[in-house]
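Written below as structure tokens is the structure these notes are about.
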2 protein chains.
Amino acid sequence: MAHLTISVEYGIHCLLWLVGSGDTAMSIRELAELQGISPSFLAKIFPKLEKAGIVAASEGVRGGYRLGRSPEEISFLDIVDAIEGHKPLFDCQEVRERCALFAGKPPEWAMKGVCAIHGVMLQAEKAMRDSLASQTLADVAATFGRKAPDAFLKDVRAWVDDHAADRTGRRDKPAKDAPS
Amino acid sequence: MAHLTISVEYGIHCLLWLVGSGDTAMSIRELAELQGISPSFLAKIFPKLEKAGIVAASEGVRGGYRLGRSPEEISFLDIVDAIEGHKPLFDCQEVRERCALFAGKPPEWAMKGVCAIHGVMLQAEKAMRDSLASQTLADVAATFGRKAPDAFLKDVRAWVDDHAADRTGRRDKPAKDAPS
């Protein structure tokens, strides 16, 4: 099993679609349908993203989620922390104080500062977090934008607009739904 | 819960004592007693460290564990990987191929190279692993050596030697055990 859960993966994929949808709010159902993933799973992730200000929810027939701030201001670290919580790399149990030679009374020198092992782990954790903090949603959206053909990006835009129109009933009904 | 388990913490603490014990093998029981931790827990960790060549086991009354190579050649990454396995930061499920617009047939451009999200995660994982690889048992033992008073290091040495002597029966029995 990986350190980060599948919730992070699903969350980031959703946020990338929201970069593209701009002012058009997308519902959980639409985000799930577009990506072939479970809507009930996404429903657990979005309240966390909203609480962190990464997405903003709106109510009503046109409601759904938009990004809560610009994609340049949403780092991968923001997203990971919002979904997983700030999970430390290492949870120091202060094993050092239990040394049999201290007989239950660890001397001051032994407990001074951070345990050297913990120090190494904190440094590695910082390296990872700094790397995640240096990448934003905008960076990855740009990478994807360079890769995807214009036709695909237009198709996505049309898909999002069509679904939004279906929800708001602003689109002409197709002929087959017309009364005979 | 932290990304790394308590097994890593216990394992590294044990290895640091083995840096100090040098050629004197220490048993799991001694390592557990010295640190006030569970011997049965340690018994699960040491076979993994042995498999990775980080410790070497010897049989018999003088048997136990020594370091398998010099502490300069044992990095924190070696230890973490030995105990936890090479656990990735992120386990990419290739969500990109499931996009509804691809209708089950993702085009070549969409699947080319590593998913951009996965790319960011791989970079963060590398930063963490590089940091762990840059620190060795020798580095941390030196930090501890600078902190601990000489008297404590001598006490530890005496504790290790006394326990080894108890096991091999090479020590004079204390007077109270002499026949009356």
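The values are calculated or read from the model by the stated rules, or taken from the named source; none is laboratory data. This structure is a prediction, so every number in the text was calculated from the model and none was measured. As a convention, Cβ positions derive from the backbone with ideal geometry for all residues, glycine included, and neighbour counts pool all protein chains shown. SASA here: full protein model, heavy atoms, side chains in, ligands and nucleic acids out. Shrake-Rupley method; radii C 1.70, N 1.55, O 1.52, S 1.80 Å.
Below are the figures for this structure:
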| item | result |
| --- | --- |
| Number of partner chain Cβ atoms within 10 Å, mean per residue of A:8-15 | 4 |
| Highest-fluctuation residue, B:83, B:54, B:37 considered, GNM on chain B with Cα pairs under 10 Å | B:37 |
| Sum of -39500 (n - 2.57) over DSSP H runs of 4+, divided by residues of chain A (222 nm, nearest 500) | -17000 deg cm²/dmol |
| Within a Gaussian network of chain B (alpha carbon springs, distance under 10 Å), most fluctuating of B:30, B:73, B:94 | B:94 |
| Calculated label separations, residue B:85, copies of the chain, 7 Å along the beta-carbon direction, nm | 2.4 |
| Quarter of the Cα convex hull surface for chain A, i.e. its orientation-mean projected area (nm²) | 15.2 |
| Pairwise label distance in nanometres, residue B:138 with residue A:112, each label 7 Å out on the Cα-Cβ vector | 2.6 |
| Geometric extent, Cα atoms of the range A:1-70 - Rg, Dmax (angstrom) | 11.5, 39 |
| Residue with peak Gaussian network fluctuation, chain B [Cα springs, cutoff 10 Å], from B:100, B:57, B:151 | B:100 |
| Restraint check, A:87/B:112; A:147/B:105; A:126/B:87; A:126/B:51, Cα-Cα greater than 20 Å | A:87/B:112; A:126/B:51 |
| For residue B:39, inter-copy label distances in nm, listed shortest first [label point 7 Å out on the Cα-Cβ vector] | 5.9 |
| Solvent-accessible area buried by B and A, counting both chains, probe 1.4 angstrom, square angstrom | 5200 |
| Distance from the range B:2-38 to the range A:119-147 (C-alpha centre basis), Å | 34 |
| Folded to 0 to 90 degrees: helix A:116-133 orientation relative to chain A principal axis, Cα | 20 |
| Angle between chain A longest axis and helix A:39-51 axis [Cα atoms, degrees, rounded to 10] | 60 |
| Accessible area of the protein assembly as shown divided out per residue, in Å², using a probe of 1.4 angstrom | 51 |
| Nearest-ten-degree value, helix A:150-168 long axis tilted from longest Cα axis of chain A | 80 |
| Solvent exposure, largest accessible area first (probe 1.4 Å, DNA, RNA and ligands not counted), of B:114, B:55 | B:114, B:55 |
| Solvent-accessible area, 1.4 Å probe, carbon plus sulfur percent, for chain A | 53 |
| Rounded accessible area of residue B:62 (nearest 10 Å², 1.4 Å probe) | 140 |
| Inter-copy separations for residue B:113, label at 7 Å along Cα-Cβ, nm, ascending | 4.3 |
| Accessible surface of residue A:23 - all protein chains present, 1.4 Å probe, nearest 10 Å² | 130 |
